[in-house]
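This report concerns only the one structure given below.
The values are calculated or read from the model by the stated rules, or taken from the named source; none is laboratory data. A quick note: this is a predicted structure, and the numbers were derived from the prediction, not measured. Cβ coordinates were reconstructed from backbone atoms using ideal geometry, including for glycine residues, and neighbour counts include every protein chain displayed. The accessibility values were calculated without ligands, DNA or RNA, using every heavy atom of the protein model including side chains. Shrake-Rupley method; radii C 1.70, N 1.55, O 1.52, S 1.80 Å.
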Amino acid sequence: MRLIEMKRGSMGHHRTARYSALLKHAAVLVQNDERLIDELVSIMHERQLSEEDVARRMGVALAELQAIEGGTADPTMGTVRRLAHAVGVTVSHHVERIRLRQK
């Protein structure tokens, strides 16, 4: 019985370690998204574009743009592209492989 409990305990540890790694990676992805939005909003302000004008160019309600700016919305990639286009820039993506421990 003790051996089974030990195995269960060690399996739980591996699952916990893998879950922690996934959470850490997810946090990095969220930070990257936030930086992207922050940069687009910064460009909007640098170019002295009003929120109303950018929202109109994007085809969204002003409240939606304000939610994106404020970090209370989770915009789709399409919405991010429209925001980029509205402020006169393009957004490029790259894929970076990560290595998660498999157990």
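Among 59-68, 79-88, 44-53, 21-30, how do they line up from the highest to the lowest mean number of other beta-carbon atoms within 10 Å?
Most protected by this proxy first, the peptides run 79-88, 59-68, 44-53, 21-30.
Could you please state how large a percent of the accessible area of the stretch 35-103 is carbon and sulfur, counting protein chains only and using a 1.4 Å probe?
Answer for the stretch 35-103 is 48 percent, counting heavy atoms of protein chains only.
Tell me, what is the percent relative contact order of the stretch 20-82, built from C-alpha pairs under 8 Å that lie six or more residues apart?
27
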